[in-house]
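Asks: One structure coming up, written as structure tokens, with questions to follow.
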Amino acid sequence: MSAEGTAPRGRSTLTARIERIHDHCADTRSLFLALDGRRLKFLPGQFISISIPLGDETRTRAYSIATSPEDRGPFEICFNTVEGGRGVGWLFERKVGDTLDFTGPFGTFSMERAPEVEIGLIAERTAIAPIRPIIRRAIETGARAPIHLIYGAARDEHFLYRAELDDWTMQAPNFSYEIVLAPAERLYQRLGEITNRRWIAADTNRARQFWICGVGPGVIKLRDLLRGAGYERRAVHYEQW
Ligand SMILES: Cc1cc2nc3c(=O)[nH]c(=O)nc-3n(C[C@H](O)[C@H](O)[C@H](O)COP(=O)(O)OP(=O)(O)OC[C@H]3O[C@@H](n4cnc5c(N)ncnc54)[C@H](O)[C@@H]3O)c2cc1C
């Protein structure tokens, strides 16, 4: 396929080469993946499914694409260590020049065009990965209503892409974000309180749309908080890792 070509999507296995590695901090890393001159076609928010040898078996693990479909060059995935996590442990051992087999892109947690209504985004730590291209798509497809991100983490170094988020607040006056630094065991409770204050108790507008991404049952609680408060089911997009 020519350099202008796009890779086939879906179930066929593709092989990517690790072009570059960036360590955000000691336990958080990005890999920049290239496909032999081809570009991966995907929607902001989608993920790939990487084949990972675990013992005698090959298992798959999902990783969101942290870059935007329009970006030239390699695409990025971003991940953190997980206690006892063998899949991500294997990924951390990869070196520049190694190859990874994957399928995808997959996923309905995505945004093709900005909706006309206000956009609320909630992300935790590396779960900013799918939210990042979603924000960019919202800004670039001319969202006029407010776009607000609530970004939580337990440690300061776990907030990623801060410079870019700051740039977007300058570029797009309707984009704003806040960081929520809270101990891991209380993080989702804090995210819930802030969500409640900003998007439930503050007014009776229930026409907003939401994209929520994070780890564990807290994501489902946030989803249910919003749906229970009167937002339509399909207006609350979520992805639980
Ligand atoms: C659609 C989708 C997209 C994903 N995208 C990303 C991504 O972009 N970056 C990323 O780091 N992970 C992502 N994940 C999680 C990833 O697929 C793995 O589950 C994770 O790396 C742990 O895998 P493991 O084999 O090392 O550990 P496992 O033994 O499979 O998982 C152990 C536990 O870790 C929890 N967990 C999953 N992800 C995290 C995390 N990031 N931090 C802390 N605990 C976690 C799981 O809920 C599970 O209970 C995604 C998951 C899904 C379903």
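Taken together, the values in this text are just the output of simple stated rules run on the coordinates, not laboratory data. No experiment lies behind these values; they were computed from the predicted model shown. Virtual Cβ from ideal backbone geometry, glycine too; neighbours counted across all protein chains shown.
Asks: Which GluC sites (Glu not before Pro) does region 137-241 hold that lie in a coil by DSSP with at most 16 other beta carbons within 10 Å?
Replies: 232
Asks: Another one. Quick one: what are the phi-derived ³J(HN,Hα) couplings along region 106-116, Karplus 6.51/-1.76/1.60 with θ = phi - 60°, whole Hz, x for glycine and proline?
Replies: Once θ is set to phi - 60°, the couplings for region 106-116 become 10, x, 9, 7, 7, 9, 8, 9, 5, x, 7 Hz.
Asks: Placing one identical point scatterer on every Cα of region 14-167 and ignoring solvent, what is log10 I(q)/I(0) from the Debye formula at q = 0.14, 0.20, 0.21 Å⁻¹?
Replies: Listed by q, the Debye log ratios stand at -0.71, -1.36, -1.47.
Asks: Taking the Cα centre of each part, how many Å lie between region 168-241 and region 43-93?
Replies: A separation of 25 Å, based on Cα centres.
Asks: Report the antiparallel proportion of the DSSP beta bridges in region 14-106 as a percent, rounded to a multiple of 5. Can you show the working numbers first?
Replies: Working: 30 of 30 bridges.
The antiparallel fraction comes to roughly 100 percent.
Asks: Ok, one more. May I ask you to work out the translational diffusion coefficient for region 119-240 at 10 °C, viscosity 1.306 mPa s, via Stokes-Einstein with Rh from the Kirkwood sum over Cα pairs, reported in whole µm²/s?
Replies: On the way: Rh = 14.4 Å.
The calculation lands on 110 µm²/s.
Asks: Can you tell me what share of the DSSP beta bridges in the chain is antiparallel? A percent to the nearest 5 is fine. Can you show the working numbers first?
Replies: Numbers: 30 of 54 bridges.
Bridges in the chain are about 55 percent antiparallel.
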